[in-house]
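The values are calculated or read from the model by the stated rules, or taken from the named source; none is laboratory data. Just so it is clear, the model here is predicted, and its values are computed rather than measured. FYI the Cβ positions are ideal-geometry reconstructions off the backbone, even for glycines, and counts take in every protein chain you see. The protein model used for the area step is the full one, side chains on, heavy atoms only, and it has no ligands, DNA or RNA in it. Shrake-Rupley method; radii C 1.70, N 1.55, O 1.52, S 1.80 Å.
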Amino acid sequence: MPQLAWQKSSFSTGGEGECVEVAISAPPLVHLRESDHPHDTTATTPHALAHLLRALKSGAFPR
């Protein structure tokens, strides 16, 4: 896998390692990881991630 340029979420608290990080690669893929476990990553398409985020914001998943 090529070296990824990870960026922290703007919603990360900055303390105690509570950070979600994202990186972009070809073809396009969005990679996600928790800063506490940087070797555990997942990847998805931008379209699928946008769909998930819309569903989360709409309250489609109960807490």
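Structure notes:
- Close pairs from region 40-63: first more than 20 Å from LEU4 (Cβ to Cβ), partner modelled with pLDDT of 95 or more and open to solvent by 80 Å² or more (accessible area, probe 1.4 Å), Cβ under 9 Å, at least 6 apart: ALA60/ARG54
- Residue list for region 30-63, filter: open to solvent by less than 50 Å² (accessible area, probe 1.4 Å) and hydroxyl-bearing (Ser, Thr, Tyr): SER35, THR44
- Top-ranked residue in region 5-29 [being in a strand (DSSP E or B), open to solvent by 90 Å² or more (accessible area, probe 1.4 Å) and not basic (Lys, Arg); ranked as modelled with the highest pLDDT]: ILE24
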